[in-house]
């Protein structure tokens, strides 16, 4: 009986440990972005881009991204955000980070990469979602690129909605949607809202 209880206790401890590991993995590898047009789930790549992912999560945890907009939308190229408020005020950021574009990840469709200036190690908070395989943004042996650190794995339709928004009324930001598309909340982990399923039969009965 004692051996049976010990075995049960061991199994229970293993199950608890595995649950804790899974929870930590969920919090370190996924971020949910709730926007004005829906919710996106991002899978992060901390093994390939540890500096970039840690930097991104720091901004997520501090609430920095909440209220920022997607200010640069170029169909077939990128959707960029994470730096401006709805009135185009640039938020104060932390120090720039090291460019990890040599991590082997490519700027494929729906991947997230860090935006930067012409200076190689200048990325701070702004990121973009690739709308194509943008080979020109990939790093190579003779030139640094733009560091890929994650990918939208759920909510592709939200990206498409952002791309479809009318643009062009702001002279200083002609690529910004006319109606601000904000990140309402950025949060670690998987927090996707289940799609509402309506029944046509129930609607007919209700009538």
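Quick note: the coordinates plus some simple rules give every number you see, no bench work behind them. Since we're looking at a predicted model, the values are computed, not measured. Note that each Cβ is placed from the backbone with ideal geometry, even for glycine, and that neighbours are counted across all protein chains shown.
Okay, here's what the table says:
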{"item": "Cα→Cβ-extended label distance, 7 Å offset, between residue 108 and residue 62, nm", "result": "3.2 nm"}
{"item": "Net lengthening on full extension, residue 95/residue 118 (0.36 nm per residue, minus Cα-Cα)", "result": "6.7 nm"}
{"item": "Contour minus Cα-Cα distance for residue 188 and residue 164 (0.36 nm per residue)", "result": "5.9 nm"}
